[in-house]
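**Q** Once you've had a glance at the structure underneath, I'll fire off some questions.
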Amino acid sequence: MNLKSERINIGNGIHLNLVKTDKFKSNLLSFYFLRPLTKEEVTKNALLPLVLKRGTDEYKTNLEIQRKLEENYGADLSVAINKRGERHVLRFTVETVNGEYIGNKEYIYDVFSLLKSIIFNPLLEDGYFKKSYVDQEKENLKRRIESRINDKRSYALDRCIEEMCKNERFSIYPLGNIEDLASIDKNILYSHYKDIIKTSPIEIFYVGDYDDKMVDYMKEMAVIEREDIITIPREQIISGAKTKNMVYDDLDVNQGKLVLGYRTGIPYEDKLYNGLLVGSDILGGGPNSKLFKNVREKESLAYYVSSTIFKYKSIMLVDGGIEFENFEKTIDIVKDQIEEMQKGNFTMDDIDISKKSIKSSTESIKDSIFLISEYFFSQILSNDNRSLEEVLEDIDRVSKQDIIEAMSTLTLDTIYFMRNTKVLNK
Amino acid sequence: MDIKIYESEQLKEKLYYKKMESGLKVFFIPKEGYTKQYAIFATDYGSIDNVFVPIGEKAPLEVPEGIAHFLEHKLFESPDNNLFDKFSKLGANVNAYTNFNQTAYLFSSTKNFYESLSLLIEFVQNPYITDENIDKEKGIIAQEINMYMDNPGWRVYFNCLKAMYNEHPVKIDIAGTVDSIQKINKELLYKCYNTFYNPTNMALFVIGDLSFEEILRVVEKSQKNNYDKVEEIKRIFPVEDKKINTKLIEENMMTSAPIFYMGFKDWENGLRGEKLIKKDLVTNIILEILFSSSSAFYNDLYEEGLINSSFGGFYTGKESYGHSLVVGESKEPKKVYERILRLINEPAETLLWEDDFNRIKNKAIGEFLMGLNSIEFIGNNFIDLYFSDFLLIDYLTLLESIEYKDILERYNRHFTEENVVLSIINPLE
């Protein structure tokens, strides 16, 4: 099956993307709102979906919304707030069982109308959001931001990015800042909401089976009042180390978390970007990678160790969970392995394996209704018109020289280490 | 060839089955149009099977905590030390997991499926364990254990199990402890291997756009046949008292807010097959009615700021143990606990309405159907259900057969104050 997405302009800055398939037992509809990632609006953006989910003009409480979803065969409503590079993306999604499995093809409109109501017809009190909902969700958001620390691995990665990119917008945490919350109230949030609806680029995705009637319905959903649509600048790409620092967090933990942040300076539009992808996979992609073999299997220093490319920001992070005293030893191995790759000390087999792995996970997108929509959405974000097949071919074309060149751009910028000095000094 | 085919018109899925002469059971669900293929080769052996009579012996043996998981890691060794290479060269992604009840080896691929399948069967059936590679693994697994020690969600869960169970090995951490894994040696690993990796104790499940005939050919060619026949493995479980172990376990660690697990220990155990799965479904429906985000209870506590969206309840049960867990994050876990106790003291008829039952049942049907989009969901659940003597393809029919009266009966026996425990992780002072 060749994946195709049909993109239709249905309003000022609003596009409907249709992916027709009958492979799945469900359908999926998503609304993506694009915003710039800025200190000024990040916390408001993060708070907004939480408040919208609480109640609509038609379904006034969470309880009513949830019951409506359950009646409709457990239609799954999810909202998400993410950063994609230096863009802030708000997503609202419903996934519903295909009508033919439950003998009711019409109920999907009920679910669509609920989604519409959540996004476009929020519950208002005296012309603004309901105060108690805003207050409660401010408290919930505060707790969610505080709970970052609970997942130590992702906290360490976030912290490394924060320190490394401290003068860039990419360092902004997508769920916002606790300090901002005090200044946000129902009026301020509501006017921000109006602004988002009127000025954000909107991408709507539908994946599943559909007919003309359904397409008309979806178009109808997005008939809204619009103003000038914002343009979101592309990320700054920095080559060479910028901050050059070593950062420690002293926490009461059992395992040390090491993160090494590298600048690559290779934008995703660049031909060399694919070489970087393959290179990073050879270095720390899977159980066959240099880091897995040397840090884990040979030296048994870590259970996990890997390297990841951050596409929109052109940085690479290497992370591992280690004993505190193995800090330097691990860094040395990582540096050695990168140096080896820069010298071209890796085989055609290594290249072949990493290409297969990248292609296989890219192709696997076709088996997930959600990943299909995310894939096409990210193609739009990066202005990439290639088909999935062309993307795979480009990976295939990467040469050893490309990889050496790409790996040679790596500059170590920031070393982050989460440690426990109480244990270390014992 | 005596191939059995089960078909569900409602699910639009088919299941193929054949029992090989070795005793290995092979299952296949075709998924036309899917890009990925998935195979899972599993043994009915998990962390709870830590006292048993080794094959060819008479006396029961107690093995160190964490050995099933350790063995899982060790099966990835081969004399030429390049198992990962081989899978990677085929473009397949190999992995494994150990839980309380099973150890499973799996891979997903988009190409070269049959070669990868052959490799999977061969490596699981040809252990290569040396004293040297055991030592190396101790360092790696110690880091895995440390990683879980820093995970508040994992700690609060195991403390809850420890509070509920007196003797049952479900209370033991799956990976063991840094101390317990030091006692693991080659001889013990091979005893576990020879006993539990006998083909009669194993199942292979395959899913994807593939041919069953070809799968069988690969299995026939790759599998080893020189196994001692075992009739039944003797697993010894301690007699678990109906009573809970202790009411409350509290601990402090690096976490942002208190989190809690409240556990209701099940004492209607000893079931397998349809009866067990039905009990599971019925209990989960009750928990959804009472505690899901569509319940009055959830919404009241949410409005009061006592819980957030992480709150919810679920049941899990196997033949020898079972429990309902109600979990979440709260500023005041003990207050939430009190509220739940107050709630369950009300009569079933005023708590569980037939409307709620119908709605939650609808939701369960929809969620199951949507789950079938994922070949990993199908594979992992298939194996889990199969080792409890139930076929995934019968799941929806069983779910639809559940009646309102079933939940009232179960409610009154399971949700009581005598069998309840509370586990809390508090942030550091």
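The values are calculated or read from the model by the stated rules, or taken from the named source; none is laboratory data. Treat the numbers as computed from the prediction; the structure is a model and nothing was measured. Don't worry about glycine lacking a Cβ; one is built from the backbone with ideal geometry, like all the others, and counts go over all protein chains shown. Protein only, heavy atoms only, side chains kept; ligands, DNA and RNA dropped before computing areas. Shrake-Rupley method; radii C 1.70, N 1.55, O 1.52, S 1.80 Å.
**Q** Given springs between every Cα pair under 10 Å in a Gaussian network model of chain B, which of B:Lys221, B:Lys234, B:Lys136 has the largest fluctuation?
**A** Between B:Lys221, B:Lys234, B:Lys136, it is B:Lys136 that shows the largest mean-square fluctuation.
**Q** Right, next: Place a point 7 Å from the Cα of A:Lys242 along the Cα-to-Cβ direction; which residues of segment A:304-346 have their backbone N under 18 Å from it?
**A** Inside the label zone: A:309-318.
**Q** While we're on this one: Pick from A:Ser314, A:Ser132, A:Ser26: which residue has the top mean-square fluctuation in a GNM of chain A where Cα pairs under 10 Å get a spring?
**A** Among A:Ser314, A:Ser132, A:Ser26, the largest GNM mean-square fluctuation belongs to A:Ser132.
**Q** Can you check how the C-alpha radius of gyration of chain B compares to 2.2 N^0.38 Å, as a plain ratio?
**A** The value comes to 1.03.
**Q** Can I ask one more? For segment B:339-396, what ratio Rg/Rh do Cα atoms give with a Kirkwood hydrodynamic radius?
**A** Computed over Cα atoms, the ratio is 1.16.
**Q** So, one more: Show me, for segment B:349-356, the HN-Hα J-couplings you get by feeding each phi into the Karplus relation (A = 6.51, B = -1.76, C = 1.60, θ = phi - 60°), rounded to Hz, glycine and proline as x.
**A** Those phi angles translate into 5, 8, 9, 10, 8, 5, 4, 4 Hz.
**Q** Can you give the FRET efficiency for B:Lys335 and A:Ile178, using 1/(1 + (r/R0)^6), R0 = 25 Å, r = Cβ-Cβ distance, to the nearest 0.05?
**A** Working from the Cβ atoms, E equals 0.55.
**Q** Residue-wise, which Karplus ³J(HN,Hα) couplings in Hz belong to segment B:357-367, taking 6.51 cos²θ - 1.76 cosθ + 1.60, θ = phi - 60°, and x for glycine or proline?
**A** Whole-Hz 3J(HN,Hα) from phi for segment B:357-367: 4, 5, 5, 5, 5, 4, 4, 4, 4, x, 5.
**Q** Rounded to the nearest angstrom and ordered from largest down, what semi-axes does the equivalent ellipsoid of segment B:1-84 get from its C-alpha gyration tensor (root of 5λ)?
**A** Ellipsoid semi-axes (Å, largest first): 33, 20, 14.
**Q** Amide H of A:Ser26: which non-local residues (sequence gap of 5 or more, or other chain) have their own amide H closer than 5 Å, using H built in the peptide plane?
**A** For A:Ser26, whose amide H was placed from the backbone, the distant partners under 5 Å are A:Asn98.
**Q** May I ask you to derive the relative contact order of segment B:4-222, considering only C-alpha pairs under 8 Å and at least 6 residues apart, and to give it as an integer percent?
**A** Once divided by the residue count of segment B:4-222, the mean separation gives 36 percent.
**Q** Quick check: with the 1.4 Å probe, what order do B:Phe52, B:Phe76 take by accessible area, largest first?
**A** Largest to smallest exposure gives the sequence B:Phe76, B:Phe52.
**Q** Let me have the relative contact order for segment A:245-424, percent, based on Cα pairs under 8 Å that are six or more residues apart.
**A** Relative contact order here is 45 percent.
**Q** Helix-only estimate, please: 222 nm mean residue ellipticity of the protein assembly as shown, summing -39500 (n - 2.57) across DSSP H runs of length 4 or more and dividing by its residues, to the nearest 500.
**A** Helix-only estimate at 222 nm: -12500 deg cm²/dmol.
**Q** Assuming R0 = 22 Å, what is the FRET efficiency of A:Asp57 and A:Ser191, from their Cβ-Cβ distance, to the nearest 0.05?
**A** Rounded to the nearest 0.05, the efficiency is 0.75.
**Q** Please calculate how many Å² of accessible area segment B:248-427 carries per residue, with a 1.4 Å probe and no DNA, RNA or ligand atoms counted.
**A** Using a 1.4 Å probe on heavy atoms only, each residue of segment B:248-427 averages 36 Å².
**Q** Next question, about the same structure. Could you pull the Rg and Dmax for segment B:246-387, using just the Cα atoms, both in Å?
**A** 16.5, 43
**Q** Comparing B:Asp49, B:Asp356, B:Asp80, which has the greatest mean-square fluctuation in the GNM of chain B with Cα pairs linked when under 10 Å apart?
**A** Among B:Asp49, B:Asp356, B:Asp80, the largest GNM mean-square fluctuation belongs to B:Asp80.
**Q** Let me check I have the definition right: for the protein assembly as shown, take the eigenvalues of the Cα gyration tensor, multiply each by 5, take square roots. What are those semi-axes in whole Å, largest first?
**A** 39, 36, 30
**Q** Next question, about the same structure. Students sometimes get this wrong: rank A:Met341, B:Met254 by accessible area, probe 1.4 Å, all chains present, largest first.
**A** Listed by decreasing accessible area, they come as B:Met254, A:Met341.
**Q** Give the accessible area for A:Lys194 in Å² (nearest 10); use a 1.4 Å probe, count only protein heavy atoms, and leave out ligands, DNA and RNA.
**A** Answer for A:Lys194: close to 80 Å² accessible.
**Q** What does chain A give for Rg and for Dmax, in Å, if only its C-alpha atoms count?
**A** Expressed in Å, the Cα Rg and Dmax of chain A come to 23.3, 70.
**Q** Here is a follow-up. What figure, in Å² to the nearest 10, do you get for the accessible area of A:Tyr210 with a 1.4 Å probe and non-protein molecules left out?
**A** Its heavy atoms expose roughly 40 Å² to the probe.
**Q** With solvent modelled as a 1.4 Å probe, how much accessible area in total do chains A and B shield from it at their shared surface, in Å² to the nearest 100?
**A** 5300
**Q** A follow-up question, please. Using a 1.4 angstrom probe on the protein heavy atoms only, line up B:Tyr148, A:Tyr173 by accessible area, largest first.
**A** My answer, sorted largest first, is B:Tyr148, A:Tyr173.
**Q** Right, next: Give me the distance in nm between label points sitting 7 Å out from Cα along the Cα-to-Cβ direction at B:Trp353 and A:Glu162, one decimal.
**A** 4.5
**Q** Would you report the distance distribution of C-alpha pairs in segment A:177-313 as whole percents per 10 angstrom bin, up to the bin with the largest distance?
**A** 8, 19, 23, 24, 20, 7, 0
**Q** Principal axis lengths of segment B:4-222 from Cα atoms, whole Å, largest first?
**A** In descending order, the Cα extents are 47, 43, 40 Å.
**Q** Taking θ as phi - 60°, what are the ³J(HN,Hα) couplings along segment A:68-82 by the Karplus curve (6.51, -1.76, 1.60), each to the nearest whole Hz, with x for Gly and Pro?
**A** After applying 6.51 cos²θ - 1.76 cosθ + 1.60, I find 4, 5, 5, 4, 8, 6, x, 3, 9, 9, 9, 10, 9, 10, 9 Hz.
**Q** Using a 1.4 Å probe, what is the accessible area per residue for segment B:101-247, in Å²?
**A** For segment B:101-247, the solvent-accessible area averages 42 Å² per residue.
**Q** Loop-only check: which chymotrypsin sites (Phe, Trp or Tyr not before Pro) in segment B:338-369 are DSSP coil with at most 14 other Cβ within 10 angstrom?
**A** Within segment B:338-369, the qualifying chymotrypsin sites (Phe, Trp or Tyr not before Pro) (loop, at most 14 other Cβ atoms within 10 Å) are B:Trp353.
**Q** If we restrict to alpha carbons, what Rg and Dmax does segment A:6-221 come to, in Å?
**A** Values for segment A:6-221 (Cα only, Rg and Dmax): 18.2, 56 Å.
**Q** Further, regarding this structure: I need to check one value: relative contact order of chain A, counting alpha carbon pairs closer than 8 Å and at least 6 residues apart, in percent.
**A** Once normalised by length, the contact order is 21 percent.
**Q** Given the Cα-Cα distance of A:Lys422 and A:Lys298 and 0.36 nm per residue of separation, how much length would full extension add, in nm?
**A** 41.8 nm
**Q** Follow-up question, since we're still on this one. How much accessible surface does A:Glu323 have with a 1.4 Å probe, in Å² rounded to 10?
**A** Answer for A:Glu323: close to 60 Å² accessible.
**Q** Now for a separate question. Have a look at segment B:144-164 and report residues whose accessible surface goes down by 50 Å² or more when the remaining protein chains are included, against the chain on its own, probe 1.4 Å, ligands and DNA/RNA excluded.
**A** B:Met147, B:Asp150
**Q** Let me ask another. In whole percent, how big is the carbon plus sulfur part of the accessible area of the protein assembly as shown, probe 1.4 Å, protein atoms only?
**A** 47
**Q** Here's another thing I want to ask about it. Looking at the calculated P(r) for segment A:245-424, what percent of the C-alpha pair distances fall above 30 Å?
**A** 23
**Q** To two decimal places, what compactness ratio does segment A:90-217 give when its Cα radius of gyration is scaled by 2.2 N^0.38 Å?
**A** Working it through for segment A:90-217, the quotient is 1.39.
**Q** For B:Lys405 and B:Glu122, what does the FRET efficiency come to when R0 = 60 Å and r is the distance between their Cβ atoms, rounded to the nearest 0.05?
**A** Efficiency, rounded to the nearest 0.05: 0.70.
**Q** Just to confirm the filter: which GluC sites (Glu not before Pro) across segment A:260-303 are DSSP coil and have at most 15 other Cβ within 10 angstrom of their Cβ?
**A** Passing both the DSSP loop test and the Cβ count: A:Glu269.
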